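The values are calculated or read from the model by the stated rules, or taken from the named source; none is laboratory data. On a predicted model such as this, the values are computed, not experimentally measured, just so you know. With ideal geometry, Cβ positions are generated from the backbone for all residues, glycine too; neighbour counts draw on all protein chains shown. Side chains included, ligands, DNA and RNA excluded: accessible areas come from the protein's heavy atoms. Shrake-Rupley method; radii C 1.70, N 1.55, O 1.52, S 1.80 Å.
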Amino acid sequence: MIQLPKTAVITLGCPKNQVDAEQLLFLLAHDGFPLVGQVDEAEAIIVNTCAFIQPAVEESLDTILEIAGHKQNGRCRYLLVMGCLPQRYGQELLKQIPEIDLALGTSSFPKLPELLLKLLQDKSPTRLHVSPPDYRNTCGLPQTTSQPHSAYLKIAEGCDNHCSYCIIPQLKGKQASFPPAELTHKAAELADAGVKELNIIAQDITAYGQKLSDRTDLVQLLEKLNEINGLEWIRLLYAYPGKVSDKLINLLGEQTKICPYLDLPIQHISDPVLKRMNRHDRSQTIRETIYKLGSLKRNIHLRSTVIVGFPGETDRDFQLLLDFIGEGHFTYLGCFPYWPETGTKAAMMETQIEESVKEERCRAIMDCQRRITSRHLQEYIGKSIPLLMEGESLESEFLLQARTAFQAPDIDGITYITEGFSQAGEIASGRINQVHDYDLFASLNETSVKTST
Ligand code: SF4
């Protein structure tokens, strides 16, 4: 009888990668592998990598090399790598780091437990398992969520948008929507396991259903998810601005479990820049979508992402963006200095912008946004709103932390609880007393509130 090794999974990158790791954890546990949280205890370590831009590639390589060190000096006997880095570099990665026992591409990870078993049986399986992305064998897999009360539901993989600065379509392949029946079944399983908040993700959730035989679209999927008992909050992330349909806007306007929140990465607002980015939107479509969302009776909080310093971005282009951000449409915003990623069209463009100019423009955008976020949050001072409790604060053991329906996990602000107690996973009522930059401070009310947002 083979002794299965204590196994640890390290996951890097985006929430979509996190779902892959959670599905792998489910498969490993199902096959009897003892899972451990600390790499020092592990005999087999799996690194789930990210490789969409060079800094992410370096972080993945640093992590793998650190684990290779554990293999030389520690308990670790097997080093396995999965995800975007093997998908992007394949054999070259194995040549560079011979300590890697197995490397699996973005849709090959379901094979990992069986391949690890072969390793244990010295059957020396092929070290590299990378094929053109195919998600038929990953989409329905159950997942072991890292947070008991909150989970990501990945509804599709891949992307057909081909933004000129992005390598993800090369790593994740063509857009493929997961069957609605599998998704509702999975969401019900997560709700039965105690999940209250479901964060809907994909590279582009608004492309959902385009190639499905039954043509189920995003709104129809959401209506099904809305019926699942136990789920309280459904949050929409990664919506492509120009593809946000009136049907979706109307659904957001209704009092359902869908949070009054939409993540809407615009990337820029200047038409010449949007054109060079190969974005399908123009400033008018972006403004129309935001105007329609702003006309709803229900106050929908918007998050967005912008890139500054894209090749050829003039002072006027940048000023257009800064002025647009200054109009105050977004409660939360992420701003990234453009990165010339090898293998992308944009990296070949002339008129690359100096790093110092990119940093300066990023600072100006975030200085402007900090004031706007604070202004949006100030509107809640003195009001009682539903809060999803998350347990002890990471900042201080004397504080609990929570999130409002307009604070997504990991990317937006936090709500710190200065008074009162409620269990992690509960949706409690909190009175907002203070705002500090992106965060809120609240005291819990004795009486519970209606959980719907
Ligand atoms: S929408 Fe654009 S940026 Fe996002 S994954 Fe697709 S190609 Fe990349």
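Positive end of the dipole of segment 1-57 (Cβ unit charges, origin at the Cα centre): among ALA44, THR7, VAL19, the Cα lying farthest that way belongs to VAL19.
The Rg/Rh ratio for segment 312-426, using Cα coordinates for both the radius of gyration and the Kirkwood hydrodynamic radius, is 1.11.
Principal semi-axes of the equivalent ellipsoid, √(5λ) from the alpha carbon gyration tensor of segment 145-263, are 23, 16, 14 Å from largest down. The local environment of LEU262, defined by Cβ-Cβ distances under 10 Å, has a net charge of +1 under the rule Lys, Arg +1 and Asp, Glu -1.
Placing pseudo-labels 7 Å out from each Cα toward the beta carbon at GLN255 and GLU395 gives an inter-label distance of 3.2 nm.
What fraction, in whole percent, of alpha-carbon pairs in segment 266-379 exceed 21 Å separation?
For segment 266-379, the share of Cα pairs beyond 21 Å comes to 37 percent.
Dividing the alpha-carbon radius of gyration of segment 384-448 by the rule-of-thumb value 2.2 N^0.38 Å gives 0.96. In terms of the mean number of neighbouring beta-carbon atoms within 10 Å, the peptides 88-100, 330-342 order highest first as 330-342, 88-100. Label-to-label distance for LEU212 and SER146 is 2.8 nm, based on points extended 7 Å past Cα in the beta-carbon direction. When each full DSSP H helix of the chain is screened for a Cα extent of at least 15 Å along its own axis and an average Kyte-Doolittle hydropathy of at least -1.0, the helices passing are 15-30, 54-73, 180-192, 283-294, 315-326. When restricted to Cα atoms, segment 129-172 yields an Rg and a Dmax of 13.6, 38 Å, respectively.
Over segment 241-291, the Kirkwood radius and the radius of gyration, each from Cα atoms, give a ratio Rg/Rh of 1.05.
Nothing charged except the Cβ atoms of Lys and Arg (+1) and of Asp and Glu (-1): what's the magnitude of the dipole of the chain about its Cα centre? Round to the nearest 20 debye.
Working: 45 positive and 58 negative charges, 231 e Å.
Using Cβ point charges on Lys, Arg, Asp and Glu, the chain gives about 1100 debye.
Which value, in Å to one decimal place, does the Kirkwood hydrodynamic radius take for segment 7-129 when every pair of different Cα atoms is included? Can you show the working numbers first?
Numbers: mean 1/r = 0.0709 Å⁻¹.
About 14.1 Å, per the Kirkwood formula over Cα pairs.
Tell me, what is the percent relative contact order of the chain, built from C-alpha pairs under 8 Å that lie six or more residues apart?
On the way: 896 pairs, mean separation 43.9, N = 453.
Averaging sequence separation for qualifying contacts and normalising by length gives 10 percent for the chain.
Annotation for segment 89-144 versus segment 25-85: alpha-carbon center distance of 12 Å. The eigenvalues of the Cα gyration tensor, multiplied by 5 and square-rooted, give segment 121-209 an equivalent ellipsoid with semi-axes of 25, 21, 12 Å from largest to smallest.
Dividing the alpha-carbon radius of gyration of the chain by 2.2 N^0.38 Å (N being the number of residues), what value is obtained? Write out the running numbers ahead of the final one.
Details: Rg = 22.5 Å, N = 453, 2.2 N^0.38 = 22.5 Å.
Normalised by 2.2 N^0.38 Å, the Cα Rg of the chain equals 1.00.
Think of segment 266-379 as having a plus end and a minus end, set by charges on the Cβ of Lys, Arg, Asp and Glu; of LEU321, PHE336, ILE372, ILE372 sits farthest toward the positive end of this dipole. The heavy atoms of TYR240 present about 10 square angstrom of accessible area, all protein chains included, probe 1.4 Å.
Suppose the chain between LYS174 and GLU114 were pulled fully straight at 0.36 nm per residue; how much longer would it get relative to their current alpha carbon spacing? Please report the intermediate quantities before stating the final value.
Details: separation 60, 0.36 × 60 = 21.60 nm, distance 2.70 nm.
Length gained, LYS174 through GLU114: 18.9 nm.
Calculate, for ARG298 and SER443, the FRET efficiency according to 1/(1 + (r/R0)^6) with r their C-beta to C-beta distance and R0 35 Å; round to the nearest 0.05. Kindly include the intermediate steps, with their values, before the conclusion.
Details: r = 26 Å, r/R0 = 0.73.
Given R0 = 35 Å and the Cβ-Cβ separation, E is 0.85.
In the structure shown, the pairs LYS224/LYS345; LYS211/LYS292; LYS118/LYS211; LYS196/LYS292 are assessed against 31 Å; a Cα-Cα span above that value is assigned to LYS224/LYS345; LYS118/LYS211. Diffusion coefficient of segment 202-276 by Stokes-Einstein, Kirkwood radius over Cα pairs, 20 °C, 1.002 mPa s: 157 µm²/s. Ordered by solvent-accessible area of protein heavy atoms (1.4 Å probe), largest first, the residues VAL130, VAL47 come out as VAL130, VAL47. In vacuum, with every alpha carbon of segment 81-164 counted as one equal point scatterer, what does the Debye formula give for log10 I(q)/I(0) at q = 0.13, 0.23, 0.25 Å⁻¹? Two decimals, please. Cα-only, vacuum Debye calculation for segment 81-164: -0.53, -1.15, -1.22.
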